[in-house]
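The values are calculated or read from the model by the stated rules, or taken from the named source; none is laboratory data. Given the structure is predicted, the values throughout are model-derived calculations rather than measurements. Note that we place each Cβ from the backbone using ideal geometry, even for glycine, and neighbour counts take in every protein chain shown.
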Amino acid sequence: MGLEGAGAASYFSAFGECLSVPEFVFVFRSRRPPGNPVNAMLSFGYQILWNHLLCLIEIQGLDPYQACLHQTSERHAALASDLIEEFRAPIIDSLVLWLINSKVMDATLDFVYRNSGCFLNDSGRAKFLHAFLRRMEEEIQTDSGEKQPRWDLFVQQVKAYKQFVYNPQVLYKPYRSH
């Protein structure tokens, strides 16, 4: 296991300890397919972010298949995978913890098991998306002291990456939550 894999294993081990509802058990990250409700929510949330970032990358005229962190491929928009990394924990992981610990999600009523995996059902997706949209519309304070909805962070970061691509002297600064 490489450094990234070891870091992820350690992070997700600690992530499971943050859950306070016994019906939601999380031992390790599983995907394709997600193995339990926690992994189902993480995968669903990451896919929403990835798709949104891919759209913004294309709007900015960047090649989504050319990336820095993830292997370039004709079949995978690796740049979206690069740019999602800085948003996983502060947006999706924190939302999943809140949905579980606030008892918004029900481990039996909001999920369906099929094809060796666990997925959000219609009610689960509706609850998740409602909470996700509310979170993304919340205003946060930027480094410059201005307030903006979380949605704007994505546009800001894709534009910053584009500026870095065309002018490498302007270093890319990843998003950090405050």
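Within the stretch 117-126, the residues that satisfy the criterion of being under 19 Å from the mean Cα position of the chain (by Cα) and part of a helix (DSSP H, G or I) are Gly124, Arg125, Ala126. Residue pairs whose Cβ atoms lie under 8 Å apart, sitting 6 or more positions apart in sequence or on different chains, and linking a residue in the stretch 106-134 that is over 11 Å from Leu95 (Cβ atoms) to a partner that is of a type in the set (Ser, Thr, Tyr), are Leu109/Ser123; Asp110/Ser123; Phe119/Tyr113. Restricting to the stretch 92-116, and then to whatever is among the β-branched types (Val, Ile, Thr) and in a helix (DSSP H, G or I), can you tell me which residue is nearest to Ala40 (Cα to Cα)? If we take residues in the stretch 92-116 being among the β-branched types (Val, Ile, Thr) and in a helix (DSSP H, G or I), then Val96 is nearest to Ala40 (Cα to Cα).
Among the residues making up the stretch 141-178, those that are of a type outside the set (S, T, N, Q) and either touching a strand residue (DSSP E or B) at 6+ places or on another chain (Cβ under 7 Å) or at positive phi (or both) are Gly145, Lys147, Pro149, Arg150, His178.
Residues in the stretch 68-91 that are charged (D, E, K, R) and assigned to a helix (DSSP H, G or I) were compared, and the one that is surrounded by the fewest Cβ atoms within 10 Å (Cβ to Cβ) is Glu85. With respect to the conditions (1) farther than 30 Å from Ala14 by Cα; (2) without any contact (Cβ under 8 Å) to a residue 12 or more places away in the chain; (3) exposed (fewer than 14 other Cβ atoms within 10 Å of the Cβ), Asp63 falls short on a single one, namely (2). Residues of the stretch 100-127 that are surrounded by 12 or more Cβ atoms within 10 Å (Cβ to Cβ), among the aliphatic types (A, V, I, L, M) and out of contact with any Leu (no Cβ under 7 Å at 6 or more places or on another chain): Val104, Ala107, Val112, Leu120, Ala126. Of Leu62, Leu19, all but one fail to be more than 29 Å from Arg114 (Cα to Cα) and part of a loop (DSSP other than H, G, I, E, B); the exception is Leu62.
Suppose we keep only residues that are over 15 Å from the mean Cα position of the chain (by Cα) and modelled with pLDDT of 90 or more within the stretch 26-41. Which one would you say is farthest from Asn115 (Cα to Cα)? Break it down stepwise before answering.
If we filter the stretch 26-41 for residues that are over 15 Å from the mean Cα position of the chain (by Cα), which is where we start, we get 26-28, 32-33, 35-37.
Now narrow it down to the ones that are modelled with pLDDT of 90 or more: 33, 35-37.
Details: Pro33: 8, Gly35: 10, Asn36: 12, Pro37: 14 Å.
Checking each candidate, the answer is Pro37.
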